[in-house]
1. Which one, 231, 213, 59, has the greatest fluctuation when you compute a Gaussian network model over the chain with C-alpha springs under 10 angstrom?
2. Between 95, 206, 169, which gets the highest mean-square fluctuation from a Gaussian network model of the chain, Cα cutoff 10 Å?
3. When a footprinting reagent is the concern and you count Cβ atoms within 10 Å, what order do 234, 168 take, fewest first?
4. Using only the Cα atoms of the stretch 31-155, build the gyration tensor, take square roots of its eigenvalues as a ≥ b ≥ c, and label the shape rounded, prolate or oblate: rounded if a/c is under 1.5, else prolate if a/b is larger than b/c, else oblate.
5. Please report the relative contact order for the chain, taking Cα pairs under 8 Å with a sequence separation of at least 6, and give it as a percent rounded to a whole number.
6. Sort 154, 112 so that the residue with the fewest other Cβ atoms within 10 Å of its own Cβ comes first and the one with the most comes last.
7. So what's the angle, to the nearest 10 degrees on a 0 to 90 scale, between helix 215-228 and the longest Cα principal axis of the chain?
8. Calculate, in nm to one decimal, what residue 156 and residue 184 gain on full extension: separation in residues at 0.36 nm each, minus their alpha carbon distance.
């Protein structure tokens, strides 16, 4: 398991966020063109608790991509047939040549949600955990490049997002009985999540954990992580010092005075002075 943290995103706001999203979306379009030209097959898995932001991140990534060459998969709660033939259910959804497929939850539901909620039998869970690594190796042999991202949120953050959904007249329907039931099994889910990390994060297909308590940071980090994984033509993922120097929208309060529209370097200087003053 790897933790992916772009610390430079920690204070990004407003216009700076929009600029960085657009820049990374342009890069992702370059990646897609390379996938099409070279007949690549890329599968990107997003896992995480309810309200972790999986769908929102996928929407940001694919917003300007060519829809003909991407797929979005969310099977929801599987029926008996899908549940019985679990791996076959997802193999059918794998990208063809020249395609990128985004999984909004995936076969790993069996390792977390399904077993925690009692949607699958223990022997189904055990069989899955024994077979999944070899199954993913077979995908690689078929030419499918797999990336596995887990979006991590705290219990308090999930509770806050649930409340916002409940209070929003346009989003109340997103909060379901399943969500509340799953949240009540927080510790059970956590146990199976750790089992998943320990047993299915391999050298070839590691789990990458992104802190998703801040939606903007999670979106930017997810974009940047995937882009970093591929060597596509005209790649322009600037180093942090390069791209942060162009952003002038950081802010900080120091000795009772609010400083706004700072560059990243100005922000870090004031932050260090603030820490020295406190210490």
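1. 231
2. 169
3. The fewest-first ordering by Cβ neighbours comes to 234, 168.
4. Verdict is oblate for the stretch 31-155.
5. 29 percent
6. Least to most surrounded, the residues fall as 154, 112.
7. 70 degrees
8. Computed gain between residue 156 and residue 184 is 8.8 nm.
Computed from the coordinates by the stated procedures, all read-outs in this text should not be read as laboratory data. If you're wondering where the values come from, they're calculated on a predicted model, not measured in any experiment. Reconstructed Cβ throughout: ideal geometry from the backbone, glycine too, with neighbour counts over all protein chains shown.
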